[in-house]
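Taking it in order: structure first as structure tokens, then the write-up.
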Amino acid sequence: MTASTRADIPTARRIVVKVGSSSISGENAGKIQPIVDALAEAHARGTEVVLVSSGAIATGMPYLRLGERPTDLATQQAAAAVGQNVLIYRYQEALRSFRIIAGQVLLTAGDLDNPTPRSNARRAMERLLGLRILPIVNENDTVATHEIRFGDNDRLAALVASLIGADALVLLSDIESLYTRPPDEPGARPIQRIEYGDDLRGYEFGSVVVNSVGTGGAATKVSAARVAAASGVGVLVTSADLVDRALRGDDIGTWFDPHPEPVSMPLTGPLRRTGAPHAVDTLGG
């Protein structure tokens with residue numbers, strides 16, 4: 001049953017959790033364990049958990065002796081090829097004590113735009129969840145091109161949540177909640193809840209942020225939350241450091257109400273991608 005409020009997350013049948021590169025790579029690589037601890041706690045109570053994890057390129061960079069994120073596609077692909085292997089190993093090591101097995105699922109935008117690979121991806125993840133495997137999803141950076149990329153894994157997580165009929169989506173960030181304007185500016189106030197259909201034009205979510213290890217920002221999370229909410233998935237945006245509290249349904253972060261009467265995702269044709277990161281106006285507009 002779709003989570004109508006954040007308090008419904010602990011009893012949700014199926015949830016998708018997304019974590020960004022900056023939360024699990026470099027000096028933050030040690031944060032993988034507490035994130036996994038929270039996922040395992042949800043898994044132990046019977047929840048089906050899917051993790052969408054960025055970080056392949058960022059994780060691979062030190063092994064290629066790169067001091068900053070590469071800008072050319074070939075080096076990004078090389079870093080992803082090395083980093084994805086290391087990243088999955090780290091997750092599996094963190095999961096080992098819980099006797100949970102991870103399953104790697106790599107997707108491109110083309111996979112979700114075309115009915116046959118989209119159906120295959122959904123069937124594979126359904127089977128993994130039925131076998132109590134924890135799918136770890138990432139963009140297939142080794143073969144993706146600039147022209148067909150998702151752009152950020154917040155959007156990928158929203159599309160995956162819609163694809164598998166998740167009851168809730170948790171987007172983990174570097175800050176506890178979204179704000180009415182950049183949180184370092186005077187007058188910025190945390191946003192506790194966004195009802196479906198709320199007018200967001202009075203808020204300043206900023207542009208897409210590109211740092212040394214990843215891409216994303218508040219605007220991409222709002223855009224992704226709109227996509228998921230439109231398909232009937234409740235969305236919580238909060239800090240990666242609070243993932244345990246998020247999955248316990250605590251009153252934290254920013255909650256996006258799901259569409260009360262969502263339209264089912266079509267089995268054929270392109271998957272609709274509602275809203276662009278730079279055009280945040282009305283939820284579900």
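The values are calculated or read from the model by the stated rules, or taken from the named source; none is laboratory data. Being a predicted model, the structure only gives us computed values, none of them experimental. All Cβ positions, even for glycine, are placed from backbone atoms using ideal geometry, and neighbour counts span all protein chains on display. Just so you know, the surface numbers come from the protein's heavy atoms only, side chains and all, with ligands and any DNA or RNA stripped out. Shrake-Rupley method; radii C 1.70, N 1.55, O 1.52, S 1.80 Å.
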- Item | In nm, spacing of pseudo-spin labels at ILE133 and ASP251 (7 Å Cα→C-beta vector) | 4.1
- Simple spin-label estimate for ILE175 and ASP199 in nanometres, 7 Å along Cα-Cβ: 2.3
- Which entry in (1) -0.29, -0.97, -1.32; (2) -0.44, -1.07, -1.25; (3) -0.49, -1.01, -1.15 matches log10 I(q)/I(0) by the Debye sum over Cα atoms at q = 0.08, 0.14, 0.16 Å⁻¹ derived from the coordinates of this structure? (1)
- Of the accessible area of the chain, with the probe set at 1.4 angstrom, what percent is carbon plus sulfur? 51
- Item | Highest-fluctuation residue, PRO258, PRO135, PRO34 considered, GNM on the chain with Cα pairs under 10 Å | PRO34
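Keeping all protein chains in place, calculate the accessible area per residue for segment 72-168 (probe 1.4 angstrom), answer in Å². Write out the running numbers ahead of the final one.
Working: 3980 Å² over 97 residues.
On a per-residue basis, segment 72-168 sits at 41 Å².
Please report the net charge: other residues with Cβ closer than 13 Å to the Cβ of PRO135, K and R +1, D and E -1. Mind dumping the intermediate values first?
Numbers: positive: ARG14, LYS18, ARG122, ARG123, ARG127, ARG132; negative: GLU48, GLU126.
My count for the surroundings of PRO135 gives +4.
Round to the nearest 0.05 the FRET efficiency obtained for ASP113 and ASP244 when R0 = 35 Å and r is the Cβ-Cβ distance.
Numbers: r = 35 Å, r/R0 = 1.00.
With R0 = 35 Å, the Cβ-Cβ based efficiency is 0.50.
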